[in-house]
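Data first, discussion second: the structure below is written as structure tokens.
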Amino acid sequence: MNPIQSTVFMALQTNDDTRPIIEALQRDNPAAVVHRLPAMVKIDAPGRLVLRRSTVEEILGTAWDLQAINLNLISLSGNVDETEDEMVLHWNR
Amino acid sequence: MNNTHTGQAGKKLSLKEKYALMTRGLGWDTSYEPMDKVFDQLGLEGIRIHDWDKWEDPFRLTMDAYWKYQAEKERKLYAVLDAFQQNNGHLNISDARYVNTLKLFFTGITPAEYNAHRLFAMLGRQFPGPGAAIACQMQAVDELRHVQTQIHSISQYNKYFNGLHDHSVMNDRLWYLSVPKSFFEDAISSGPFEQIIAISFALEYLLTNLVFMPFMSGAAYNGDMATVTFGFSSQSDEARHMTLGLECIKFVLEQDPGNVEIIQRYLDKWFWRGYKVLGLVSMMLDYMLPRKVMSWKEAWEIYFVQNGGSLFNDLSRYGLRMPRHWEQSVAEAEHLSHQTWNSFYNFSDAAAFHVWLPSDEDMAWLSEKYPNTFDQHYRPRIEHYRRLQAEGKRYYNPSLPMLCQTCQIPLIFTEGDDPTRTSHRETEHEGEKYHFCSDGCQEVFEQQPDKYVSAWLPAHQILQGNCFAPDADPQAAGFQAEAEVMRYFHVNPGQDNMDYEGSQDEANWRLWKGLSPDGASKAPPAA
């Protein structure tokens, strides 16, 4: 339809709560690109981005409720699919 | 951040089970009155919904989790606001010019949040599906929270800077604020599906990133701890609102193939309406932030062209295409902020914030960001204004501008392919002529002329004598019409507006920061 490469993104506040989340995103999405802007970190990925609770918990060393992402999420794009275990952003085409 | 206190004994419900029980499980069909009488606006627009149960919030947020996280957001926010007040945070901003972006935000956007609260409270009542009703109810509460936290945050600035004293009256009366105000009033007076497409999809999903992301990041870059905190606290709700917008459009499109054409029409209209409101954001980014983060053109490229492009690639499977005139918005990104700021410079004696001419440094940045247009079209005009100011002949536009009947912005923009020609369209309707700034606005009018002929256009209202305080007497000898209009706006001429240079805000800032009149730093006063 148009020549745009479809990317999804997640933007998070810059703070200690989001450091393990960003690290987990980088670990689980090798194609993700992290942009550090004033007060904000924006993570872009081609087509699909997955945040896994287990990866965040491994980094944190403690239990983590995925819905707590709501506290620090600034914006996102893509279709959202969320369960207890992972949050996926994706475009279908 | 632990998940042990959900209050349930025994087996913990999965997110999906909990969502099903606490949304759909709460819905019921009426029995004393037929459902179509209770939800009587649903049939007005020709949208057909066959199964409301197909609506699902992808965050699967239930009310208990909603209150828990919202309370935590509030605790975080108010801790920062306390620290901001106690540490005189207003003194740590990059420059007092910066506060003028807050004046525009507070008078233009905060009241719009209140209108969004009203809109979602009404929408929640109109949708029979509990999934949709609960999502609207949460958003109605969110929007009210945004209004309150913004008023609370900005109150610290109101103690020290002019122009922040009366945002709600100004929003009702001040000419340029009729642009965001009429946008929301247009939405709120539409059918329920048009409302949700207008606000949740076109505004929240396509355009709100432009307001909150570069601008709030800009607030952080300019040292404004209060605004970045309320901004991101609001924005953490927006991620959910955006998801609601996308979910809603997919839901409606999947319900009936006949819905596609109606939704496309709404999209075309509300993209254009929203884009026009964002002209104010373009000048905030390019002209008003003393320390700049990104240009309007860059922001439009990232958040509209790339992000919107990905979105419409995805939605094309339903037969939806990019909104009409989107290419024009890209071409105009080279001009939008320059033409908008120019108009506020010309009319700043009738606004509620200060303006200034860009410094040499600012102009170098503008040349770099706008290599195709700034030096050729806009630098010469700014240099001309500088010469006039140096000669003591600062130019103010003394006339009332012609306004676009749809977006209510003065006819200040040029043709997409010729920046030396004003863009002006006309339509005749029932023997009257109506004027428009663009093809997009003209088309919106022509779809629903009877709605837009009743628009409250500030310039017309002033000329008709409807913008004076009740005790003003236009028949009295020596009646000062301009001064009386400013009194009606609740704007103090010279104190709240005109040039920053020479203003009370500037004098106070220099005093507080220990700056001498020529801008050099003085030794701090002895303790």
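Scan region B:253-264 and give yes if some residue there is surrounded by fewer than 24 Cβ atoms within 10 Å (Cβ to Cβ), in contact with a Lys or Arg (Cβ under 7 Å, 6 or more places away or on another chain) and at the interface with another protein chain (Cβ under 7 Å from one of its Cβ atoms), otherwise no. No, region B:253-264 contains no residue that is surrounded by fewer than 24 Cβ atoms within 10 Å (Cβ to Cβ), in contact with a Lys or Arg (Cβ under 7 Å, 6 or more places away or on another chain) and at the interface with another protein chain (Cβ under 7 Å from one of its Cβ atoms). Scanning region A:66-93 for residues that are charged (D, E, K, R), in contact with a helix residue (DSSP H, G or I) (Cβ under 8 Å, 6 or more places away or on another chain) and surrounded by fewer than 20 Cβ atoms within 10 Å (Cβ to Cβ) returns A:E84, A:D85, A:E86, A:R93. The numbered conditions (1) within 14 Å of chain A (Cβ to nearest Cβ); (2) touching a Leu at 6+ places or on another chain (Cβ under 9 Å) are all true for B:M284 except (1). Scan region B:289-333 for residues that are within 21 Å of B:P371 (Cα to Cα), free of Cβ contacts under 8 Å to residues at least 60 places away in the same chain and part of a loop (DSSP other than H, G, I, E, B) and the total you get is 1. For region A:36-93, the candidate set comprises residues that are basic (K, R) and closer than 25 Å to B:A220 by Cβ; within that set, the residue that is farthest from the other protein chains (Cβ to nearest Cβ) is A:R36. Taking region A:56-73 as the range and being closer than 21 Å to A:A31 by Cα and either within 12 Å of the chain's Cα centre (by Cα) or in contact (Cβ under 8 Å) with a residue 40 or more places away in the chain (or both) as the test, the residues that pass are A:V56, A:L73. Taken together, the residues in region B:423-482 that are in a loop (DSSP other than H, G, I, E, B) and of a type in the set (D, E) amount to 3.
Residue-by-condition table, conditions (1) under 18 Å from B:Q405 (Cα atoms); (2) in contact (Cβ under 8 Å) with a residue 12 or more places away in the chain; (3) surrounded by fewer than 18 Cβ atoms within 10 Å (Cβ to Cβ):
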position	(1), (2), (3)
B:H424	yes, yes, yes
B:C437	yes, yes, no
B:G440	yes, yes, no
B:G465	no, no, yes
B:G494	no, no, yes
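Kindly establish whether A:A68 is part of a helix (DSSP H, G or I) and modelled with pLDDT of 90 or more. Considered against the rule, which asks whether it is part of a helix (DSSP H, G or I) and modelled with pLDDT of 90 or more, A:A68 comes out as yes.
The C-beta contact set for region B:509-521 (first residue on the phi < 0 side of the Ramachandran plot, second residue surrounded by 13 or more Cβ atoms within 10 Å (Cβ to Cβ) and at pLDDT 90 or above, distance under 7 angstrom, 6+ apart or interchain) comprises B:W509/B:A96; B:P517/B:R510.
Cβ-Cβ contacts under 6 Å between residues 6 or more apart (or on different chains), taken from a first residue in region A:1-23 that is more than 8 Å from every other protein chain (Cβ to nearest Cβ) and closer than 29 Å to B:G319 by Cα to a second residue that is modelled with pLDDT of 95 or more and in a loop (DSSP other than H, G, I, E, B), are absent. Do you know which residues across region B:373-399 are in a helix (DSSP H, G or I), in contact (Cβ under 8 Å) with a residue 24 or more places away in the chain and farther than 24 Å from B:A350 by Cβ? Those that are in a helix (DSSP H, G or I), in contact (Cβ under 8 Å) with a residue 24 or more places away in the chain and farther than 24 Å from B:A350 by Cβ: B:F374, B:H377. Just one residue in the set B:D186, B:D166, B:D224, B:D237 is surrounded by fewer than 24 Cβ atoms within 10 Å (Cβ to Cβ), within 14 Å of chain A (Cβ to nearest Cβ) and acidic (D, E); that residue is B:D237. Sort out which residues of region B:84-110 are surrounded by fewer than 22 Cβ atoms within 10 Å (Cβ to Cβ) and either touching a Gly at 6+ places or on another chain (Cβ under 6 Å) or charged (D, E, K, R) (or both), and write them in order of number. Correct list: B:N92, B:S94, B:D95.
The values are calculated or read from the model by the stated rules, or taken from the named source; none is laboratory data. Small disclaimer: the values here were computed from a predicted structure and weren't measured. Neighbour counts run over all protein chains shown; Cβ positions are idealised from the backbone, glycine included.
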